[in-house]
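Student: Structure in structure tokens, see below.
The values are calculated or read from the model by the stated rules, or taken from the named source; none is laboratory data. From a predicted model like this one, the values you see are computed outputs, not experimental measurements. Because the Cβ atoms are built from the backbone with ideal geometry, glycine has one as well, and the counts that use them run over all protein chains shown.
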Amino acid sequence: MITDPDRTPLARGFFDRPVLEVAPDLLGRTLVRDSDDGPIELRLTEVEAYDGPRDPGSHAYRGKTRRNASMFGPPGHAYVYFIYGMWFSLNLVCGPPDTASGVLLRAGEVTRGHDLVRKRRLSAQKDKELAKGPARLATGLDIDRGLDGTDLCGADSVLSVLHGSPAAPDQVQNGPRTGVGGDGAHQPWRFWITGDPTVSPFRAHTRRRRAT
């Protein structure tokens, strides 16, 4: 039997590496979401690395909580969090257990299941906007906290990453992460495919004011 190497799911060993190795290596890979309505596939074009307790920009910087517990689990699992009381974001856990490092999936190109994504992303005027930004990506793929802790390497998982066609090193750029402030603001740990129209615009951190 002949199998397509591009359709081979990534094994756990892929994720069991330093996060700064995994993050750029995810670009060009295919994220698969088997939703209740049907399969959706996304070519990853933009990601950000978060290096656990050593990274002031990471949710794990101040230690383990009920919210971020999945980050401390085995590699190859999903960490899904709720932000600003409105949106979900999807991260892939990397490194050995208790390392608490992960890669935020910021953007991608929908390659399968366009109609399913469009139903959830009614404000998108063009296909390139369907998953352009982490909240849009999660919304389009029907990602919520119910998927937190999902094993991407498990058999018949509703989330997985296929080998795909990884981006060549000369296609990858990196720079500061979007919206990260403080001591983690200048780490060049955002990676994207050069010139890809689905990559989200960079936004520097702005301090949110509390309502009075």
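Student: Tell me which residues, restricted to the range 161-189, are in a helix (DSSP H, G or I) and among the charged types (D, E, K, R).
Tutor: Narrowing the range 161-189 to residues in a helix (DSSP H, G or I): 169-171, 182-184.
The answer is Asp170, Asp183.
Student: Follow-up. State yes or no: is Gly28 modelled with pLDDT under 95, under 16 Å from the mean Cα position of the chain (by Cα) and not acidic (Asp, Glu)? Walk me through it before giving the result.
Tutor: Details: modelled with pLDDT under 95: no; under 16 Å from the mean Cα position of the chain (by Cα): yes; not acidic (Asp, Glu): yes.
No: the conditions fail for Gly28.
Student: Could you pull out the residue among Leu162, Leu152, Leu147, Leu137 that is touching a helix residue (DSSP H, G or I) at 6+ places or on another chain (Cβ under 7 Å) and either more than 25 Å from Pro24 (Cβ to Cβ) or hydrophobic (A, V, I, L, M, F, W, C) (or both)? Write out each step before concluding.
Tutor: Values: Leu152 fails: touching a helix residue (DSSP H, G or I) at 6+ places or on another chain (Cβ under 7 Å); Leu147 fails: touching a helix residue (DSSP H, G or I) at 6+ places or on another chain (Cβ under 7 Å); Leu137 fails: touching a helix residue (DSSP H, G or I) at 6+ places or on another chain (Cβ under 7 Å).
Within the list Leu162, Leu152, Leu147, Leu137, the selection yields Leu162.
Student: Name the residue that is farthest from the chain's Cα centre (by Cα), counting only residues in the range 1-20 that are crowded, with 20+ Cβ neighbours inside 10 Å and aliphatic (A, V, I, L, M).
Tutor: Pass one, the range 1-20, residues crowded, with 20+ Cβ neighbours inside 10 Å: 10, 14-15, 19.
Still in the running and aliphatic (A, V, I, L, M): 10, 19.
Details: Leu10: 15, Val19: 12 Å.
Residue satisfying both the conditions and the ranking: Leu10.
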